[in-house]
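Accompanying notes for the structure given below.
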Amino acid sequence: MSETPDEGMRFETRAIHVGQDPEAEFGAVNVPIYQTSTFAQEAVGKPRAWDYARAGNPTREALQQVLASLEGGARALCFSSGLAATTTLLLTLKPGDHVLISDDVYGGTYRLLTRVLGEWGLEHDVVDMTDLIACRAVVRESTALVWVESPTNPFLKVVDIAAISALAHEAGARCVVDNTFATPYLQQPLELGADVVLHSMTKYLGGHSDLIGGALVANDPEQIERLTFLVNAAGAVPGPMDCYLALRGVKTLALRMQAHCRGAKAVAEFLQTHKRVTRVHYPGLPGHPGFEVAVRQMRDFGGMVSFEVESREEAVRVAESTKLFFLAESLGGVESLIELPGPMTHASVTGSPVEVPDTLLRLSVGIEHPDDLVADLEQALG
């Protein structure tokens, strides 16, 4: 793995070089796919680096090195999915511990906390993370983790990460930030005081809708030691091919995020003026409640846009009428996607405190030309 120091290198350079020196034997400029489950040992009980690929793999290690560098963390650990990373992090808690989550948290996170780990004994409260007074009011002695998304999914609220991290630390809790929407190119939660950063690598880090993966990045040695143990003990690890694809995606992350942001801004500004749209959620619009916080803690405003129309019927009609925006779940790929979160990505929160209205549509704006995307939405809205 790379011995190149990353101090002083810009983001774009680190994305291509950290952990990714040419391969030693043949000089391959891409990290090889080490498609192996086991490693020969030098002597009994003396592996070279790893004995079994559940504990580690050279392709995965290269990915972990570059992700740690991009997030400004001491160590990154990769998983078989974003929810595998979420589950592993929550396994550092114990029954009776209390978790704060936002009132529009990702449906999969909510389902895991309520229908899986809730039965195991984890407790939680739902709160608007943009309201520090409301957050402070629901903190308990048993609060162990404050779970932040910023921007949130799907309403794109912007949480003051520095302020919420300070609140968590005052309560003796840790703060984790799901940085999937922003990516390390747009936002650095660890620098703002967060303890752990989480990613669904499936989204912007991979960027091409061809892999499933997750990642955690942290600085605290005890936290890292515990998570490293759980990687091997729980075994929710990614395969080398997915790690290779994520490494490929990370190389162009900066360029892609610039294009995503440019397209999302154009789309949001168009939607804001359309007669059939009742509300637009995009942190890059000056009227957005989180605009000032976003300006302070983000490089740009991201590639996600949500908007509302008058009725469910209208929302379904629009979602089924686009041509360039594919009707699909997920996000963060080079292609643009449209969905109704209520019956799709957030179906698991129906009837809960984090229920999503059925008049809301969510866009993942790809890297197509913004004028073409605006034209597609214009014909779909009618």
Confirm whether E23 is part of a loop (DSSP other than H, G, I, E, B), more than 20 Å from the chain's Cα centre (by Cα), loosely packed, with under 14 Cβ neighbours inside 10 Å and at pLDDT below 95. yes
Out of A62, A76, which single residue is small (G, A, S), part of a strand (DSSP E or B) and outside the structural domain of R362 (by TED's automatic domain parsing)? A76
Note: among V18, V99, V66, just one is more than 22 Å from L211 (Cα to Cα), touching a residue at least 24 places away in the same chain (Cβ under 8 Å) and surrounded by 13 or more Cβ atoms within 10 Å (Cβ to Cβ), namely V99
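Rundown of residues vs (1) charged (D, E, K, R); (2) under 30 Å from C261 (Cα atoms); (3) modelled with pLDDT under 95, yes/no style:
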position: A134; (1), (2), (3): no, no, no
position: N179; (1), (2), (3): no, yes, no
position: E222; (1), (2), (3): yes, no, no
position: D242; (1), (2), (3): yes, yes, no
Can you list residue pairs whose Cβ atoms sit under 6 Å apart, with the first residue in the range 222-236 being within 14 Å of S80 (Cα to Cα) and the second being charged (D, E, K, R)? Count only pairs 6 or more apart in sequence or on different chains. N232/R54; G235/R54
Selected residue (only one of R14, R60 is within 30 Å of W147 (Cβ to Cβ) and touching an Asp or Glu at 6+ places or on another chain (Cβ under 6 Å)): R14
Test result for G96, outside any strand (DSSP E or B), on the phi > 0 side of the Ramachandran plot and in the same structural domain as V18 (by TED's automatic domain parsing): yes
Of the residues that sit in the range 46-105 and are farther than 24 Å from L186 by Cβ and acidic (D, E), which one is modelled with the lowest pLDDT? D51
Report whether or not L230 is among the hydrophobic types (A, V, I, L, M, F, W, C), buried (at least 23 other Cβ atoms within 10 Å of the Cβ) and either in a helix (DSSP H, G or I) or not assigned by TED's automatic domain parsing to the domain that holds M201 (or both). no
Being in a helix (DSSP H, G or I) and not hydrophobic (A, V, I, L, M, F, W, C) is the filter; apply it to the range 269-306 and report the residue that is nearest to the chain's Cα centre (by Cα). Q297
How many residues are over 19 Å from A163 (Cα atoms) and part of a loop (DSSP other than H, G, I, E, B) if we restrict to the range 183-218? 13
Considering (1) touching a Ser or Thr at 6+ places or on another chain (Cβ under 7 Å); (2) surrounded by fewer than 17 Cβ atoms within 10 Å (Cβ to Cβ), say which one A43 fails and leave the rest. (1)
Expected output for the range 297-311 (first residue hydroxyl-bearing (S, T, Y), partner part of a loop (DSSP other than H, G, I, E, B), Cβ below 8 Å, 6+ apart or cross-chain) is S306/P154; S306/F155; S306/L156; S306/Y282; S306/P341; S311/T359
Return a yes/no flag: does the range 238-261 have any residue that is in contact with a strand residue (DSSP E or B) (Cβ under 8 Å, 6 or more places away or on another chain) and part of a helix (DSSP H, G or I). yes
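The values are calculated or read from the model by the stated rules, or taken from the named source; none is laboratory data. Predicted model only: the values in this text are computed from it and were never measured. Every residue, glycine as well, gets a Cβ built from its backbone with ideal geometry; the counts of neighbours run over all protein chains shown.
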